Amino acid sequence: MTQGALTALWLLPALGGLAALAGGRFSRWIALAVSLAALAYGVWLLGPLRTGVVAAAPQSPGWAFGIRYALFCDGLSLSLCWLTAFLTAACVVASWKKDYSAGYWAAFLFLEAALMGVFLARDLFLFFVFWESVLIPMFFIIGLWGMEGRRHAAMKFFLFTFFGSIFLLIGSVALVTLQHSAIGVWTWDLAQLKGPEGRAGLMIFAAMALGFAVKVPIVPLHTWLPDAHTEAPAAGSVMLAGVLLKMGVYGFLRVLWPLFPRLSWQLLPLLGLLAGINVIYGAFCAMAQKDLKRLIAYSSVAHMGFCLLGIVSRKPEGLVGGSLQLLNHGITTGTLFLLVGFLYDRGHRRGLGDYGDLAGRAPWLTFFFGFTTLASVGLPGLNGFVGEFMSLLGMARAWPIMAVVGVAGVTLAAAYALPAFQAVFLGAPGPGSVSALVYDLDAREKGLLWVMAALMLAIGLYPGPLLRLLEPCLLGLAQ
């Protein structure tokens, strides 16, 4: 698996984005073909990965200050690349009938390219460049093709995430500079960097953790998320919840844990407490929402807390379970946002009180919404259960009290998700209901949702292949 082979994984959607910009009325076809090709190519890369071959850093001296173009791929990276390509293709299919300009389709391909780079970069400077590049297409997706409050939401998204990136850059530069002072060699290679001990190490850890925390997002740095979700187009919400939120947790796994193994273990109580707050706070906020999109947005805050609970435990079960939950959350929450988008296309409203008794009018929409809701709350047999259970098991071994908090979060998830489903699909229509405008899913929508549902069921019943893919690259971080 050479550098060129990995470069193609992010360069393909980047070039596809340029082609889509110039493609005119063929832009959507270009976006679909490129996203499917990226997914197929990512699956093909599993063959070299199974042989244990990974891309090594180039032996060239690199650029100034030891910066190199170096990519790396293991099971964690590849799984998130699959998720990125799959959800990009799903967004294109979901948006197919919309009269969007070429820029819309190109923006999703540019976003895919930047995300692939984040998950493949081995050089810390390159990682930061891709990290920042993600902001640009997502800013335009929200700000140009979102709802009425799109400009405010896009600016809030940009300012919050850019604020976090400043701290990430400061911590990275300090880390590299201190290592150069100690050994006399400039390097940004994540395989060669080592976090310092003492107060300097704590300050660098805190700065970089803050940058990752904004992206997760960890409470109280989450306030940009509900507005961004509410105002983004449905496909934008899918990518935001499905992939962008994973960048923060990936940063903890790929950067902080390897660089600061001892410090991250010493800070377990604090990090576990923050994850528990995410779970409980996100659940209670979701229970208070009357807008379906904001409800799902706050549920993402809670679900990302489960991912954090797993990885901060630094136990094998938690690390693998939390990483698997990144994929599960991307699939289930992405599907929920697609379903809300389909519902909004019909009724042009998102309030829980705007609908009722849709089961008779739209049985397929009801089925897929109910199925995905059950996966989201962790029903055994569906994908959400496996990741949550392993995350809680890891935290139970590391800090049992936070596992109890996580179990409470599972109960609260059912307390906000199931009543919302009942109000929209099974309850009696209230005054001003627009249920009469709702019609059932067409063949394109059903085909897409069948694929999503099949993934939820397959991972829930047979998670073994994904667990075996993730275990080798995560067990080295376990304590």
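The values are calculated or read from the model by the stated rules, or taken from the named source; none is laboratory data. Quick caveat, the model's predicted, so the values are computed rather than measured. Backbone-built Cβ (ideal geometry, glycine too); neighbour counts: all protein chains shown.
Let me confirm something: among GLY149, GLY143, which residue is at negative phi and touching a residue at least 24 places away in the same chain (Cβ under 8 Å)?
From the options GLY149, GLY143, the qualifying one is GLY149.
Determine whether TRP186 is of a type in the set (Phe, Trp, Tyr) and modelled with pLDDT under 90.
yes
Mind checking which pairs have a first residue in the range 277-305 that is over 19 Å from LEU343 (Cα atoms) and of a type outside the set (Asp, Glu) and a second that is surrounded by fewer than 18 Cβ atoms within 10 Å (Cβ to Cβ) and at pLDDT 90 or above, Cβ under 6 Å, 6 or more apart or different chains?
No pair meets every condition.
Every residue in the range 336-393 that is in contact with a strand residue (DSSP E or B) (Cβ under 7 Å, 6 or more places away or on another chain) and surrounded by fewer than 20 Cβ atoms within 10 Å (Cβ to Cβ), please.
GLY351 - this is the single residue of the range 336-393 that is in contact with a strand residue (DSSP E or B) (Cβ under 7 Å, 6 or more places away or on another chain) and surrounded by fewer than 20 Cβ atoms within 10 Å (Cβ to Cβ).
Scanning the range 222-279 for residues that are among the charged types (D, E, K, R) and over 23 Å from CYS473 (Cα atoms), which turns out surrounded by the fewest Cβ atoms within 10 Å (Cβ to Cβ)?
ASP227
When the range 339-379 is examined, which residues are found to be assigned to a helix (DSSP H, G or I), free of Cβ contacts under 8 Å to residues at least 40 places away in the same chain and under 23 Å from the mean Cα position of the chain (by Cα)?
Scanning the range 339-379 gives a single hit, LEU374.
Mind listing just one residue for me: the one in the range 160-172 that is over 19 Å from the mean Cα position of the chain (by Cα) and either in contact (Cβ under 8 Å) with a residue 40 or more places away in the chain or outside any helix (DSSP H, G or I) (or both) and, of those, farthest from VAL255 (Cα to Cα)?
Restricting attention to the range 160-172, the residues satisfying the condition of being over 19 Å from the mean Cα position of the chain (by Cα) are 163, 166-167, 169-172.
Now drop any that are not either in contact (Cβ under 8 Å) with a residue 40 or more places away in the chain or outside any helix (DSSP H, G or I) (or both), which leaves 163, 166-167, 169, 171-172.
Working: PHE163: 19, ILE166: 16, PHE167: 14, LEU169: 13, GLY171: 11, SER172: 10 Å.
Ranking the candidates gives PHE163 first.
Got at least one residue in the range 275-289 being in a helix (DSSP H, G or I), closer than 20 Å to ASP440 by Cβ and at pLDDT below 95?
No, the conditions are met nowhere in the range 275-289.
Quick check on the range 128-135. Is at least one of its residues without any contact (Cβ under 8 Å) to a residue 60 or more places away in the chain, within 30 Å of ARG350 (Cβ to Cβ) and surrounded by fewer than 23 Cβ atoms within 10 Å (Cβ to Cβ)?
yes
In the range 183-215, which residues are touching a residue at least 12 places away in the same chain (Cβ under 8 Å), outside any loop (DSSP other than H, G, I, E, B) and over 30 Å from the mean Cα position of the chain (by Cα)?
If the condition is that a residue be touching a residue at least 12 places away in the same chain (Cβ under 8 Å), outside any loop (DSSP other than H, G, I, E, B) and over 30 Å from the mean Cα position of the chain (by Cα), then ALA200 is the only one that fits.
Please note which helices (runs of 4 or more DSSP H) are completely contained in the range 216-260 and include at least 3 residues that are among the basic types (Lys, Arg) and closer than 19 Å to ALA94 by Cβ.
It comes to none.
Kindly indicate the residue of the range 24-73 that is assigned to a loop (DSSP other than H, G, I, E, B), at pLDDT 75 or above and not basic (Lys, Arg) and also farthest from the chain's Cα centre (by Cα) among those meeting that condition.
ILE67
Can you pull out every residue in the range 312-367 that is within 17 Å of GLY394 (Cβ to Cβ) and among the hydroxyl-bearing types (Ser, Thr, Tyr)?
SER313, SER323
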